[in-house]
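Asker: Have a look at this one.
The values are calculated or read from the model by the stated rules, or taken from the named source; none is laboratory data. Bear in mind that the values here come from a model prediction, so they are computed numbers and not experimental data. Positions of Cβ are backbone-derived with ideal geometry, glycine not excepted, and every protein chain shown enters the neighbour counts. Ligands, DNA and RNA are stripped out before the accessible areas are found, and what is left, the full protein with its side chains, is counted by its heavy atoms. Shrake-Rupley method; radii C 1.70, N 1.55, O 1.52, S 1.80 Å.
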Amino acid sequence: MGKIALQLKATLENVTNLRPVGEDFRWYLKMKCGNCGEISEKWQYIRLMDSVALKGGRGSASMVQKCKLCARENSIEILSSTIKSYNAEDNEKFKTIVEFECRGLEPVDFQPQAGFAAEGVESGTVFSDINLQEKHCPGKIVTLSHYRTGQTMMRRLRSLWGSLKSPISL
């Protein structure tokens with residue numbers, strides 16, 4: 001399958017450097033089996049700090065899972081060097097924030113939740129543990145703070161997946 005990129009697009013007001021924080025950040029995904037096409041019903045999370053050995057000593061991955069339908073063992077790895085922040089200059093544009101090495105598992109949906117951080121553009125104030133889960137931000141508007149110069153908020157957060165055609169270096 002190769003590499004798959006997760007891209008975000010948002011409207012940022014007086015805020016920049018939206019990013020996942022720490023190796024324990026949970027990427028909530030729905031996965032599809034590359035062999036039979038079965039899509040997981042429940043959200044699953046993977047973390048950078050998790051490392052599961054692959055069968056036959058072929059290395060490790062962030063998640064290894066056997067498909068419930070076809071019983072094939074599949075894996076997915078978070079590529080740590082590809083994790084990027086979404087900044088004020090990226091406003092209203094899709095930007096790749098992380099890439100995954102997919103071996104049989106393909107992410108098809110992303111649900112942002114807790115564990116993000118951002119900074120005020122002018123103030124430099126750090127906003128930590130931002131929860132972007134929809135039930136915590138109705139209408140996808142997250143108000144972080146009110147300043148004399150206006151609100152600091154994020155809204156209209158959208159994501160999409162893209163396949164990367166570049167060759168994989170091992």
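Asker: Which is at pLDDT below 95, of a type in the set (A, V, I, L, M, F, W, C), within 13 Å of the chain's Cα centre (by Cα) and part of a strand (DSSP E or B), of L29, L8?
Answerer: Step by step, each of L29, L8 is checked, and only L8 is at pLDDT below 95, of a type in the set (A, V, I, L, M, F, W, C), within 13 Å of the chain's Cα centre (by Cα) and part of a strand (DSSP E or B).
Asker: Out of everything in segment 36-56 that is of a type in the set (A, V, I, L, M, F, W, C) and open to solvent by less than 40 Å² (accessible area, probe 1.4 Å), what residue ends up being modelled with the highest pLDDT?
Answerer: So in segment 36-56, the residues of a type in the set (A, V, I, L, M, F, W, C) come out as 36, 39, 43, 46, 48-49, 52-54.
Add one more test, that the residue is open to solvent by less than 40 Å² (accessible area, probe 1.4 Å), and what stays is 46, 54.
Working: I46: 97, L54: 91.
Within segment 36-56, the match that is modelled with the highest pLDDT is I46.
Asker: It is to be established whether one or more residues within segment 26-35 are of a type in the set (A, V, I, L, M, F, W, C), open to solvent by 80 Å² or more (accessible area, probe 1.4 Å) and touching a residue at least 60 places away in the same chain (Cβ under 8 Å).
Answerer: Checked against the condition, which is being of a type in the set (A, V, I, L, M, F, W, C), open to solvent by 80 Å² or more (accessible area, probe 1.4 Å) and touching a residue at least 60 places away in the same chain (Cβ under 8 Å), segment 26-35 yields no hits at all.
Results for (1) charged (D, E, K, R); (2) assigned to a loop (DSSP other than H, G, I, E, B); (3) touching a strand residue (DSSP E or B) at 6+ places or on another chain (Cβ under 9 Å); (4) touching a residue at least 60 places away in the same chain (Cβ under 8 Å), shown as yes or no for each residue.
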site: E41; (1), (2), (3), (4): yes, yes, yes, no
site: L48; (1), (2), (3), (4): no, yes, yes, no
site: L69; (1), (2), (3), (4): no, yes, yes, no
site: N74; (1), (2), (3), (4): no, no, yes, no
site: V98; (1), (2), (3), (4): no, no, yes, yes
site: C102; (1), (2), (3), (4): no, no, yes, yes
site: E106; (1), (2), (3), (4): yes, no, yes, yes
site: A118; (1), (2), (3), (4): no, no, yes, yes
site: S128; (1), (2), (3), (4): no, no, yes, yes
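Asker: Would you check which residues across segment 89-107 are modelled with pLDDT under 95 and among the aliphatic types (A, V, I, L, M) and list them?
Answerer: L105
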